[in-house]
Amino acid sequence: MTGPDNFYARLPPITSAGAALDERLYAPAPADWFVAFSDIRGSTAAVAAGRHSDVNFCAAAMIAALSNELGAIPYQFGGDGAVALVPPGDGARARKILARARASPSAATSLCPAASMPSSAAMRWRFLKTR
């Protein structure tokens, strides 16, 4: 994952909170990469019942599982779900990882090519590197 073709390795790191607002430090997801999604079923009811930690744990599990197997990957944690980018050569491995994650009754996961994502301004996928 650290080769010269790895767009994530080439991203400049964000070194301050203010820099997180600098659009020049963001990059669109490469078309040949995959986008992995997780969503936690029943998260609204679980949070209302005071189970925030359970929901966050399940959402972070996809990121941890992918990172443990694939190394450093770009991701976004959303509390009740997550999005991660998977390099083109790791698509088959990611599918197996996500299949195991789906074994949890509360997690729904999916993997799709970044090129298949809608290109409207509202659906731009952007990732940054913090270190």
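When the charge dipole of segment 34-116 is built from unit charges on Cβ atoms (+1 for Lys and Arg, -1 for Asp and Glu) and taken about the Cα centre, the candidate among A92, S53, G81 whose Cα reaches farthest toward its positive end is A92. Think of each Lys and Arg Cβ as +1 and each Asp and Glu Cβ as -1; about the Cα centre, that makes the dipole of segment 34-116 roughly 220 debye. Taking 0.36 nm per residue of separation and subtracting the Cα-Cα distance, full extension of the segment from S16 to R93 would add 24.3 nm. Here the calculated FRET efficiency for E23 and A49, from their Cβ-Cβ distance with R0 = 30 Å, stands at 0.20, rounded to the nearest 0.05.
A short reminder: the numbers here are calculations on the coordinates, not readings from a lab. Quantities reported herein were computed from a predicted structural model and do not represent experimental measurements. Counting neighbours? That spans all protein chains shown, and the Cβs are built from the backbone with ideal geometry, glycine included.
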